[in-house]
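All of the numbers you see were taken from the coordinates with simple rules; none came from a lab. Not measured: the values here are computed from a predicted model. Reconstructed Cβ throughout: ideal geometry from the backbone, glycine too, with neighbour counts over all protein chains shown.
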């Protein structure tokens, strides 16, 4: 059974939980791909663009930042096709996670992750190529 058989783009309103219980701030900078799966209580700040490509899976309780007020970093976050982000991950500004890559739960993603790898940790490290 295709878990996405009845998938539809969610209605996203500025700063409001959607029906799947995740939230986006600065929605004008947010691009959501086809048949994505974003877990409950995930926060996305798209001030400097967050692009999530097709078939991406993001676990619950993640935070995705295109701007950081702590160190003044800013930049587009790109989650490429079919990548998977475990629950409770933090993705910092300017990061790209490669196509088909998997990032383990509770990781701090502060650098680019190439295509087709497995990575995890605080800070994140590629562990399987």
Next on the checklist: Here is a check on your reading of the model: is residue 2 out of contact with any strand residue (DSSP E or B) (no Cβ under 8 Å at 6 or more places or on another chain), closer than 22 Å to residue 124 by Cα, without any contact (Cβ under 8 Å) to a residue 24 or more places away in the chain and part of a loop (DSSP other than H, G, I, E, B)?
Outcome noted: no
Item to check | Count of residues meeting criterion [part of a loop (DSSP other than H, G, I, E, B), touching a helix residue (DSSP H, G or I) at 6+ places or on another chain (Cβ under 8 Å), at negative phi and buried (at least 17 other Cβ atoms within 10 Å of the Cβ)] in segment 13-52 | outcome: 2
Checklist entry - Which residues, counting only those in segment 74-107, are under 12 Å from the mean Cα position of the chain (by Cα), farther than 19 Å from residue 33 by Cα and surrounded by fewer than 22 Cβ atoms within 10 Å (Cβ to Cβ)? => result 87, 88, 90
